[in-house]
Each structure stands twice: as structure tokens, then as C-alpha cells.
1. Counting Lys +1, Arg +1, Asp -1, Glu -1, what net charge surrounds Y9 among other residues with beta carbon under 12 Å of its beta carbon?
2. Suppose all protein chains stay in the model; what accessible area per residue would a 1.4 Å probe give for the chain, in Å²?
3. Under the rule of at least 5 residues apart or a separate chain, name every residue whose amide H is placed under 5 Å from the amide H of A20.
4. Could you run the Karplus curve 6.51 cos²θ - 1.76 cosθ + 1.60 with θ = phi - 60° over the stretch 51-62 and give me ³J(HN,Hα) per residue in whole Hz, x for Gly and Pro?
5. Using only the alpha-carbon atoms, how far is helix 28-42 inclined from the longest principal axis of the chain? Give it as 0 to 90 degrees, nearest 10.
Amino acid sequence: MSPGPDQRYHLTLTAAGRPAMHGWWGSEAVARNKFVAWVGAYGALPDAQVTLVDEDTGAVLTVWPDER
């Protein structure tokens, strides 16, 4: 089942191996801006990881820190 249009882009913050925050937005541009803001605000947490996923396609759009 697909999320509603206002919940297409899912942002997740994990820290120290545990989920810490979630957010959902209908606009990819807004979600990407939130991604940058979360990295700036929470990137110093132990083992922090921020992930942006398109829930309609299941595609991971971006991850911080970059896993490549």
C-alpha cells in the first residue's frame, strides 16, 4: 500500500543504532531541505545516519554519511 501524497518522502534519523526521528513530506524539494537541516542539526550524534526514501518507488534518494 502506497502512503498518501503528503507522505511520499520519508526521512529517518538513526543514532547509536536506534531510530531517533522520522518525518514525511509530500514534496521532494522540502524533504531534501529537511535532510540537509537534519544532517546539520544531528550529524554529530554518535553513529548518526540520515536517510531519505521515496516511499512510492522504494528508492533510497540519499544517505548521510555517504556509504560509497
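1. Values: positive: R8, R32, K34; negative: D6, E28, D54, E55, D56.
Summing Lys/Arg as +1 and Asp/Glu as -1 gives -2.
2. Numbers: 4380 Å² over 68 residues.
About 64 Å² of surface per residue is accessible.
3. L13, T14, A15
4. 10, 10, 10, 7, 5, 5, 9, x, 6, 7, 7, 6
5. Rounded to the nearest ten degrees, it is 20.
The values are calculated or read from the model by the stated rules, or taken from the named source; none is laboratory data. As the structure is a computational prediction, the values presented were derived from the model and not from experiment. Here the Cβ is made from the backbone with ideal geometry for all residues, glycine too, and neighbour counts use every protein chain on show. Heads up: the accessible areas ignore ligands, DNA and RNA and are worked out on the full protein's heavy atoms, side chains in. Shrake-Rupley method; radii C 1.70, N 1.55, O 1.52, S 1.80 Å.
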